[in-house]
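The values are calculated or read from the model by the stated rules, or taken from the named source; none is laboratory data. Nothing here was measured: the structure is a model prediction, and the numbers come from that model. Neighbour counts run over all protein chains shown; Cβ positions are idealised from the backbone, glycine included. Quick note on the areas: whole protein, heavy atoms, side chains included, nothing else; ligands and nucleic acids left out. Shrake-Rupley method; radii C 1.70, N 1.55, O 1.52, S 1.80 Å.
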Amino acid sequence: MLSPKFQFGAGAIGAFNVILLEHAEALVAGAESAQLPVILQISQNAVSYHGSLKPIALATQAIAQSAAIPAALHLDHAEDQELIRQALDLGFDSVMFDGSHLDYAENVAASKKMADLCKSYNVTIEVELGEVGGKDGVHAPGARTKPAEAKAFVEATGVDLLAVAVGTSHAMTTRDATLDFDLIAELAESVGVPLVLHGSSGVSDADLQRAVRAGMRKVNIATHLNHVFTDSIRSSLASDSALVDPRKYITPARSAVTTETARLLRLLSLSV
Ligand code: G3H
Ligand code: ZN
């Protein structure tokens, strides 16, 4: 089922990645300032970075639960089925099972198994068909999801959202990806569940709105906000070589992410 916190309105909802506690704080502050819902995502890679899911998940969940807007807690790009079980037991609102590295039949079987499990917890499940490259250094902007296959995949698995390959690639630091808008429209028409755009850091503002108008409903952005966060820290450290207290350089970085989050959420909601 689709979480009641997934409120798309006339546009799309922004889904942004939490690596550090300060990301969760900034994302919720940005969403509150825009007065729009937000999805806080913790990826399997971020879990590996921390060594376990629970500490960062519970901290993010506490921030989400005290938000003045709907803030959903989502497990992102989980290939590990045991990690999905942990997220369900911790009370996540939504999980993404990423079987995009599997062949079609294996992806159907594993996605259905995870969809059935999530349904028993009343938790939203997103899966991926047609690999969005870039996560492990593989740059595959040429990958495309086939509409007929996507429709059959959703029907066979019973998932709530589908991540599709339409021209983006993960971890781009330039915003010049070329999207296939006709394909997005065709997928939105045929698939029957909300579509998810991954690797959206590589997409310009104008093309993000065009993708939403064509039918994208959840837009995942991570690298772009990391860029904003790190640029601020880099400039704070460069301007004061005596700076040692992390709060002195993380406070402006967190504020910069808050401001950019609010801007992105307004953009994706099509209210600007
Ligand atoms: O699942 C997360 C996203 O697809 C983020 O990708 O870092 O390229 O924005 P990105
Ligand atoms: Zn992704």
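Things worth noting here:
- Meets criteria (part of a strand (DSSP E or B) and within 16 Å of H23 (Cβ to Cβ)) for L58: no
- Across the stretch 217-255, the number of residues qualifying as in contact (Cβ under 8 Å) with a residue 40 or more places away in the chain, of a type in the set (A, V, I, L, M) and touching an Asp or Glu at 6+ places or on another chain (Cβ under 9 Å) comes to 4.
- Options D98, D103, D76; residue that is out of contact with any Ser or Thr (no Cβ under 9 Å at 6 or more places or on another chain), within 24 Å of E149 (Cα to Cα) and surrounded by 15 or more Cβ atoms within 10 Å (Cβ to Cβ): D98
- Contacts under 7 angstrom Cβ, first residue in the stretch 149-169 being under 17 Å from S120 (Cα atoms), partner in a helix (DSSP H, G or I) and more than 12 Å from ligand 2 (Cβ to nearest atom), 6 or more apart: T157/V108; T157/S111; T157/K112; T157/A115; G158/K112; G158/A115; V159/S111; V159/A115
- Among the residues of the stretch 213-231, those that are in a helix (DSSP H, G or I), within 15 Å of ligand 1 (Cβ to nearest atom) and open to solvent by less than 30 Å² (accessible area, probe 1.4 Å) comprise L225, F229.
- Single match in I19, I13 (criterion: of a type outside the set (G, A, S), within 16 Å of ligand 1 (Cβ to nearest atom) and open to solvent by less than 10 Å² (accessible area, probe 1.4 Å)): I13
- Taking the stretch 196-206 as the range and being out of contact with any Lys or Arg (no Cβ under 6 Å at 6 or more places or on another chain) and either assigned to a strand (DSSP E or B) or open to solvent by 40 Å² or more (accessible area, probe 1.4 Å) (or both) as the test, the residues that pass are L197, D205, A206.
- Selection from the stretch 38-60 of residues that are more than 13 Å from the chain's Cα centre (by Cα), surrounded by 20 or more Cβ atoms within 10 Å (Cβ to Cβ) and not hydrophobic (A, V, I, L, M, F, W, C): T60
- Filter pass, A143 being among the aliphatic types (A, V, I, L, M), open to solvent by 10 Å² or more (accessible area, probe 1.4 Å), within 14 Å of ligand 1 (Cβ to nearest atom) and within 22 Å of A222 (Cβ to Cβ): yes
- Matching residues, the stretch 28-55, being within 13 Å of ligand 1 (Cβ to nearest atom) and either part of a helix (DSSP H, G or I) or hydrophobic (A, V, I, L, M, F, W, C) (or both): I39, L40, I42, Q44, N45, A46
- When the criteria are applied in full, A188 meets the requirement of being open to solvent by less than 70 Å² (accessible area, probe 1.4 Å), away from ligand 2 (no atom under 13 Å from the Cβ) and part of a helix (DSSP H, G or I).
- Of everything in the stretch 146-165 that is small (G, A, S) and away from ligand 1 (no atom under 16 Å from the Cβ), the residue that is least open to solvent (accessible area, probe 1.4 Å) is A150.
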